[in-house]
Amino acid sequence: MGPTLILDKSALQSLSKIESFYLHRYFIVNIPPVLIMEILADLKKDDTRATPPKLVSEFAGKLLLGDGCVNGHYQELIRQSLVGNEPKMDGQPVLQGKTVRTSDGEHVILMEETAEEKAIQRWKDGRFEDSEEILAEGWRSITRTMDIEAIQRALRKDFHNIPEIGSPSALLSAVDNLLGDISAQVAVLSWMLVEYGIESNIASKAAQRLQLCGYKSLGELAPYAYYCMRVSVLYYLGLFYRCPFVGTRKTNRVDLEYLFYLPFCNAFVSNDNFHKSVVEPFLRSDQLFVHGEDLKRGLAAVADQWSKLTEAQRKDSWPPDQSGPIILALWGQFCRPRQPEGKNHIPSMTEDEQRELLGRLRPLIEKAQSGTEQIASVQDDDVQFMIRRRSYRLEDPCMCGSGLTAGECCLKDLGRGR
Ligand SMILES: [Zn+2]
């Protein structure tokens, strides 16, 4: 398992099929739901260098290979955060699953394939549902008709001599001053409830929690919801102060949504200038912004060198020395140090070991199916078994880490139709 990356649409679009194959071989690709919507919206694209369904299929073909997953939707995570089920903001994907504790005290989480994950697999085969056509049309018309300049005029209309703010970090300080005012926490909560369309039952629970803790900072009470509010308010204040790095480009409003998922990756990859400027002040010291072109160059180098690598190098969980500098830098920062050659191999299991593990897992899966739904980070220290059920395609990178497709490697017999 390599570092966790989130790519925006521009970065994903720039990768060739083979580059996205190696992307999934060496990284965990966390897919934010906004990326799925952006891809689906291409179904109604007028620019037809390729037919729209083919375009969407091609995009989908670069996703959910190997260990990829779709992160929980930010609105759901905000709801959870407001009622005290805080999603972990530790650079790992946050997924939804059923959880149980067995009589032996083992904590098990079972994650079924989500509706979004199933949809992506379907799109790879060029199959779309009618509702998805409607959704694509709706998304396109909303993003096209949004009048950002009118919002900017409305924000500024009662003010004169508004000063200028020169940098994204100065803008974020202004945001923190506004939201951090302890006497304004009730007002901030009300704004948040409207901004994210929070239902009344959750709203009253959140208000109760705020009252119970003596109206202290929402940042301590609901860290993730508060984080999202900082992102949204940065955008509004950026419009208010007419900051050039925020701008009134319609697509910025959509691009902003990627920032809601920033806490759930080690590195965010994009080719977009808006992203580059607004992401930087939100990055924790253990996170990176990576330019999409740099990642592409690194993956192209892997693809280029692959046929010249020894079998030991291919099986190594660490990327080969010939990978581009950004790939080695990401591994250097987020993974365990490289061991001498041959010691980084992803351990393989004998058939007996596989059978034994399956025998142990089956009753746990059965128990977990009657468990309660909850959100969980994929690296929860308290969880002994995290089981993900999902479809695997023969053209996906093999789970043993050989760098071959599953159909050429561990699922070879299936590939031959057996
Ligand atoms: Zn294999």
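Here are some notes:
- Around E106: net Lys/Arg minus Asp/Glu count, Cβ-Cβ under 12 Å: +1
- Oblate is the label for the stretch 32-90, because the ratio a/c of its alpha-carbon gyration tensor axes (a ≥ b ≥ c) is 1.5 or higher and a/b is not greater than b/c.
- Once C-alpha pairs closer than 8 Å and six or more residues apart are averaged by separation and normalised to the residue number of the chain, the relative contact order reads 27 percent.
- Linear extension gain, K205 paired with S285, 0.36 nm per residue minus alpha-carbon span: 25.5 nm
- This model, with +1 at the C-beta of Lys and Arg and -1 at the C-beta of Asp and Glu, gives the stretch 222-375 a dipole about its Cα centre of some 480 debye.
- Rel. contact order, % - alpha carbon contacts under 8 angstrom, at least six apart, the stretch 147-260: 38
- Summing Lys and Arg as +1 and Asp and Glu as -1 over all other residues whose Cβ lies under 13 Å from the Cβ of L221 gives a net charge of +1.
- Farthest towards the positive end of the charge dipole of the chain, among the residues S14, G298, S285, is the Cα of S14, using unit charges on the Cβ of Lys, Arg, Asp and Glu.
- Relative intensity of the chain on a log10 scale, I(q)/I(0) at q = 0.14 Å⁻¹, equals -1.46, per a Debye sum over C-alpha point scatterers of equal strength in the absence of solvent.
- Put in order of Cβ neighbour count within 10 Å, fewest first, the listed residues C69, C410, C265, C213 become C213, C410, C69, C265.
Read the figures in this text as sums done on the coordinates, not as results from a lab. Fair warning: this is a prediction, and the values are worked out from it, not measured in the lab. Virtual Cβ from ideal backbone geometry, glycine too; neighbours counted across all protein chains shown.
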